[in-house]
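J.: Have a look at this one before I ask anything.
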Amino acid sequence: MIKTGKLAVLGSINADHILNLAHFPRPGETVIGKQYQIAFGGKGANQAVAAGRAGADIAFIACVGEDDTGERVRQQLAVDRIDVAPVAVVPAMATGVAMIFVNGEGENVIGIYAGANAALTPQRVEQHQQVIGEASALLMQLESPLESVLAAAQIARQHDTHVILNPAPAAALSDELLSLIDIITPNETEAEILTGIPVKNDDDAARAASWLHNKGIATVLITLGSRGVWLSEQGQGQRIAGFRVTAVDTIAAGDTFNGALITALLEGQPMTQAVRFAHAAAAIAVTRSGAQPSVPWREEIDRFLAERV
């Protein structure tokens, strides 16, 4: 169990350009959009915001560009109860950008320009050893350079800080990095890319979790969309169902789940209860448009759960 205390998040910051379409365009096809908006996003920032709004004591290690977008992002993160002192402003670089299409079913496809996120180098991570070392848990994703994710995990291990990795966007990872992870939270696609095991049902999820356990990871949560989550702790697995809601779009649903999950664990909630809390946060998020605009506050999560006792 993660001891109660501070959370450090290391990850990306993007300005999301979101276009709603009836269907995704095929190569060479032009589709007229129904709605367009710009919102703050990036998997790291989304997860930090989810944790901050859920009540975590959180510091965020990230980079923005020397531009108006970067300044506005920093201001908004502070409003979301996040310590932004470790968010660096990188001269002569632009803040990261994500181009997002959302179809009529609420599904999304995303293209990313890293921008200042690429400046989150191992050397810059080293400058924040104290932030990582003083935290009870470190939450990361894969929109930052892999060598920086590894460097942060190594620092965390040296200070007995729990490492939680949401391996998204999907990528093959080294055994060295996997051995430093305490909790991993892939979706079905990411689990298959990591393990080579297609995850189509609970038995597949159990096999993929076993593969990850064999790499030294104690706790595996494979998110299964509307079917919930496959939770495996030290080889003991179960599926925990989510909540049924009508989805508007799924942008940041996984990020909301991760931020809320770690917040609940840091509060000392048992794992199954923390998963239910995270399910509730993600369920609320998918009923709203955008990334960070969709992330609920703690009061909303508690009310959602109270209505479903």
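The values are calculated or read from the model by the stated rules, or taken from the named source; none is laboratory data. Owing to the predicted nature of the structure, the values given are computational and were not obtained by experimental measurement. FYI the Cβ positions are ideal-geometry reconstructions off the backbone, even for glycines, and counts take in every protein chain you see. Accessible surface is based on the protein model in full, side chains and every heavy atom, while ligands, DNA and RNA are left aside. Shrake-Rupley method; radii C 1.70, N 1.55, O 1.52, S 1.80 Å.
J.: Just wondering, is there one or more residues in segment 295-307 that are among the small types (Gly, Ala, Ser), open to solvent by 20 Å² or more (accessible area, probe 1.4 Å) and free of Cβ contacts under 8 Å to residues at least 24 places away in the same chain?
T.: yes
Each row is one residue, and each column tells you yes or no for (1) of a type in the set (Gly, Ala, Ser); (2) in contact with a strand residue (DSSP E or B) (Cβ under 9 Å, 6 or more places away or on another chain); (3) modelled with pLDDT under 95; (4) open to solvent by less than 30 Å² (accessible area, probe 1.4 Å).
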residue: 183; (1), (2), (3), (4): no, yes, no, yes
residue: 191; (1), (2), (3), (4): yes, yes, no, yes
residue: 197; (1), (2), (3), (4): no, no, no, no
residue: 245; (1), (2), (3), (4): no, no, yes, no
residue: 250; (1), (2), (3), (4): no, yes, yes, no
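J.: Which numbered condition trips up residue 282, out of (1) surrounded by 24 or more Cβ atoms within 10 Å (Cβ to Cβ); (2) without any contact (Cβ under 8 Å) to a residue 60 or more places away in the chain; (3) touching a strand residue (DSSP E or B) at 6+ places or on another chain (Cβ under 8 Å)?
T.: Exception for residue 282: condition (3).
J.: Looking only at residues that are among the aliphatic types (A, V, I, L, M) and part of a loop (DSSP other than H, G, I, E, B) in segment 72-124, which one is nearest to residue 259 (Cα to Cα)?
T.: Applying the filter and picking the extreme gives 84.
J.: Just give me the residues in segment 172-213 being of a type in the set (Ser, Thr, Tyr) and in contact with a Leu (Cβ under 6 Å, 6 or more places away or on another chain), in sequence order.
T.: 185
J.: Being over 15 Å from the mean Cα position of the chain (by Cα) and in a loop (DSSP other than H, G, I, E, B) is the filter here, so list the residues in segment 152-180 that pass it.
T.: Those that are over 15 Å from the mean Cα position of the chain (by Cα) and in a loop (DSSP other than H, G, I, E, B): 159, 160, 161, 172, 173, 174, 179, 180.
J.: Taking residue 276 and the conditions (1) open to solvent by less than 10 Å² (accessible area, probe 1.4 Å); (2) charged (D, E, K, R); (3) in a helix (DSSP H, G or I), which numbered condition does it fall short on, given that it satisfies the others?
T.: If we test residue 276 against (1) open to solvent by less than 10 Å² (accessible area, probe 1.4 Å); (2) charged (D, E, K, R); (3) in a helix (DSSP H, G or I), just (1) comes out false.
J.: Within segment 225-236, is there a residue that is more than 23 Å from residue 264 (Cα to Cα) and open to solvent by 10 Å² or more (accessible area, probe 1.4 Å)?
T.: No, segment 225-236 contains no residue that is more than 23 Å from residue 264 (Cα to Cα) and open to solvent by 10 Å² or more (accessible area, probe 1.4 Å).
J.: Please identify the pairs in which a residue from segment 210-226 that is touching a residue at least 24 places away in the same chain (Cβ under 8 Å) and within 11 Å of residue 191 (Cβ to Cβ) has its Cβ atom under 7 Å from the Cβ atom of a residue that is open to solvent by 40 Å² or more (accessible area, probe 1.4 Å) and among the hydrophobic types (A, V, I, L, M, F, W, C), counting only partners at least 6 apart or on another chain.
T.: Short answer, once both residue conditions are applied: none.
J.: Can you tell me which residues in segment 74-98 are open to solvent by 70 Å² or more (accessible area, probe 1.4 Å) and charged (D, E, K, R)?
T.: 81, 83
J.: Would you please name the residue that is surrounded by the fewest Cβ atoms within 10 Å (Cβ to Cβ), looking only at residues in segment 127-151 that are touching a residue at least 60 places away in the same chain (Cβ under 8 Å) and more than 15 Å from the chain's Cα centre (by Cα)?
T.: Filtering first and then ranking leaves 134.
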